[in-house]
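Engineer: Sending over a structure as structure tokens; questions will come in a sec.
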Amino acid sequence: MNPITSFIVLILVLAGVGVGEFTREPVLIAPFILAAAIVALSLKMANTWQKFVILRAGKLHGVKGPGLFLIFPVIDTVIAVIDERIQTTAFNAEQALTRDTVPVNVDAIIFWHVHDAQKAALEITDYRQAIDRVAQTSLREMIGSSMLSSLLADRRTADEALRAEIAEKTGHWGVSVTSVEIRDVAIPEALQDAMSRQAQAEREKQARVILGSAEVEIAAQFVAAAKAYGDHPAALQLRAMNIIYETTKERGTTILMPTSMVDAMNPVAFALAQTAATPPAAAAAAAKAPRRGTAVPKG
């Protein structure tokens, strides 16, 4: 009984009791009690999200609500009170085989609401239980027609396909499916390990490819640097001096360098040193040696 009906019934009962006490006639209480009973059975109230399905003598009389309305006691019967708000139903599929024969456990949730209270009350016995059964069956059918990779990677497509299939079946009952969301896809642990190793191998392969590309680019840069140093010896000398500076700029660092390396950094001084180190006899022999293309007179 709704609050308004309860209040009216209470007023009638109190009025009957008051009249009986005032007139000292208990018989006068009976009409008020009868009126209160009729009001209690006749005056109904539906909330804004509710619809009352009413039968009159076994036949559909109409759908009432929201607000206050009257029915005829005994003749009219409220067979269903339909809640038209969006509702949720959780469902799952255990050990369902995918298209590539992989057993998976899938948990999902469906958002739905009743858009036709008359059909929901008359076309099916229990529309809530039917929605749960249809959702589970449709989920197994969707899993059986999907590959595991697509089921894991493309959830939105699977959700939309499942929603469309369930909506097509429940539309005849006056139920609309707003959305379906797959919450979890559980696969066997052995398959998880295999997939983890596969993903690791793919990442290692990609890392090796990137490293090889970097080596190619570095080698190309080294070739270009070698050509630049070959064409400009002074650049190579400056580079060598810079390397020495970089290695000796830290305090307390002692580096032993070969004399030849130090001389190589000053080509002019190195050439003079070599000339000074050449014996005089060798120098004279080298000066007297006939040059190529010069005729030497015979003794």
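Engineer: Among (1) part of a helix (DSSP H, G or I); (2) out of contact with any Leu (no Cβ under 7 Å at 6 or more places or on another chain), which single condition is residue 54 missing?
Structural biologist: All conditions are met except number (1).
Engineer: For the stretch 41-65, enumerate the residues that are in contact (Cβ under 8 Å) with a residue 60 or more places away in the chain and touching an Asp or Glu at 6+ places or on another chain (Cβ under 9 Å).
Structural biologist: 51
Engineer: Within the set of pairs 6 or more residues apart or between chains, which connect a residue that is more than 16 Å from residue 102 (Cβ to Cβ) inside the stretch 182-211 to a residue that is of a type in the set (A, V, I, L, M) and not in a helix (DSSP H, G or I) with Cβ atoms less than 8 Å apart?
Structural biologist: These pairs meet every condition: 183/108; 183/109.
Engineer: Further question: Tell me yes or no: at least one residue of the stretch 24-40 is closer than 30 Å to residue 85 by Cα, part of a strand (DSSP E or B) and touching a residue at least 24 places away in the same chain (Cβ under 8 Å).
Structural biologist: Within the stretch 24-40 (the criterion being closer than 30 Å to residue 85 by Cα, part of a strand (DSSP E or B) and touching a residue at least 24 places away in the same chain (Cβ under 8 Å)), the answer is no, since none of the residues qualifies.
Engineer: Looking only at residues in the stretch 113-128 that are part of a loop (DSSP other than H, G, I, E, B) and either among the aromatic types (Phe, Trp, Tyr) or buried (at least 17 other Cβ atoms within 10 Å of the Cβ) (or both), which one is modelled with the highest pLDDT? Can you show your working first?
Structural biologist: Initially, the stretch 113-128 is screened for residues part of a loop (DSSP other than H, G, I, E, B), giving 115-116, 123-126.
From what is left, the residues that are either among the aromatic types (Phe, Trp, Tyr) or buried (at least 17 other Cβ atoms within 10 Å of the Cβ) (or both) are 116, 124.
Values: 116: 93, 124: 90.
Within the stretch 113-128, the match that is modelled with the highest pLDDT is 116.
Conditions (1) of a type in the set (A, V, I, L, M, F, W, C); (2) in contact with a Pro (Cβ under 9 Å, 6 or more places away or on another chain); (3) modelled with pLDDT of 90 or more, marked per residue:
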| site | (1), (2), (3) |
| --- | --- |
| 153 | yes, no, no |
| 163 | no, no, yes |
| 171 | no, no, yes |
| 175 | yes, no, yes |
| 186 | yes, no, no |
| 192 | no, no, no |
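Engineer: Next up: Cβ-Cβ distance below 6 Å, separation of 6 or more or different chains: which pairs start in the stretch 1-16 with a residue that is in a loop (DSSP other than H, G, I, E, B) and end on one that is modelled with pLDDT of 90 or more?
Structural biologist: Qualifying pairs under 6 Å: 2/45.
Engineer: Separate question: Does any residue of the stretch 160-170 turn out to be in contact with a Phe, Trp or Tyr (Cβ under 8 Å, 6 or more places away or on another chain), in contact (Cβ under 8 Å) with a residue 12 or more places away in the chain and more than 24 Å from residue 103 (Cβ to Cβ)?
Structural biologist: Yes, the conditions are met somewhere in the stretch 160-170.
Engineer: Moving on. Within the stretch 149-164, count every residue that is over 15 Å from the mean Cα position of the chain (by Cα) and buried (at least 19 other Cβ atoms within 10 Å of the Cβ).
Structural biologist: Of the residues in the stretch 149-164, the ones over 15 Å from the mean Cα position of the chain (by Cα) are 161-164.
Then keep just the ones that are buried (at least 19 other Cβ atoms within 10 Å of the Cβ); that gives 162-163.
Count: 2.
Engineer: If you take the residues of the stretch 121-148 that are among the basic types (Lys, Arg) and farther than 12 Å from residue 173 by Cα, which of them is nearest to the chain's Cα centre (by Cα)? Steps first, please.
Structural biologist: Taking the stretch 121-148 and keeping what is among the basic types (Lys, Arg), we get 128, 133, 140.
After this cut, where a residue has to be farther than 12 Å from residue 173 by Cα as well, the list is 133, 140.
Details: 133: 27, 140: 22 Å.
Step by step, filter the stretch 121-148, then rank; the result is 140.
Engineer: Follow-up question, since we're still on this one. Looking at the stretch 147-166, is at least one residue in contact with a strand residue (DSSP E or B) (Cβ under 8 Å, 6 or more places away or on another chain), of a type in the set (A, V, I, L, M) and within 30 Å of residue 40 (Cβ to Cβ)?
Structural biologist: Checking the stretch 147-166: not a single residue is in contact with a strand residue (DSSP E or B) (Cβ under 8 Å, 6 or more places away or on another chain), of a type in the set (A, V, I, L, M) and within 30 Å of residue 40 (Cβ to Cβ).
Engineer: Can I ask one more? Would you mind telling me which numbered condition in (1) surrounded by 14 or more Cβ atoms within 10 Å (Cβ to Cβ); (2) over 30 Å from residue 156 (Cα atoms) residue 31 fails?
Structural biologist: All conditions pass for residue 31, except number (1).
Engineer: A follow-up question, please. Among 131, 110, which is buried (at least 16 other Cβ atoms within 10 Å of the Cβ), assigned to a helix (DSSP H, G or I) and modelled with pLDDT of 85 or more?
Structural biologist: Exactly one residue qualifies, and that residue is 131.
Engineer: So, one more: Please determine whether any residue of the stretch 238-250 is at pLDDT below 75, in a loop (DSSP other than H, G, I, E, B) and either among the hydroxyl-bearing types (Ser, Thr, Tyr) or out of contact with any strand residue (DSSP E or B) (no Cβ under 9 Å at 6 or more places or on another chain) (or both).
Structural biologist: Yes, some residue in the stretch 238-250 is at pLDDT below 75, in a loop (DSSP other than H, G, I, E, B) and either among the hydroxyl-bearing types (Ser, Thr, Tyr) or out of contact with any strand residue (DSSP E or B) (no Cβ under 9 Å at 6 or more places or on another chain) (or both).
Engineer: Kindly list the number of the only condition in (1) polar (S, T, N, Q); (2) under 21 Å from residue 119 (Cβ atoms); (3) in a helix (DSSP H, G or I) that fails for residue 178.
Structural biologist: (3)
The values are calculated or read from the model by the stated rules, or taken from the named source; none is laboratory data. Owing to the predicted nature of the structure, the values given are computational and were not obtained by experimental measurement. Here the Cβ is made from the backbone with ideal geometry for all residues, glycine too, and neighbour counts use every protein chain on show.
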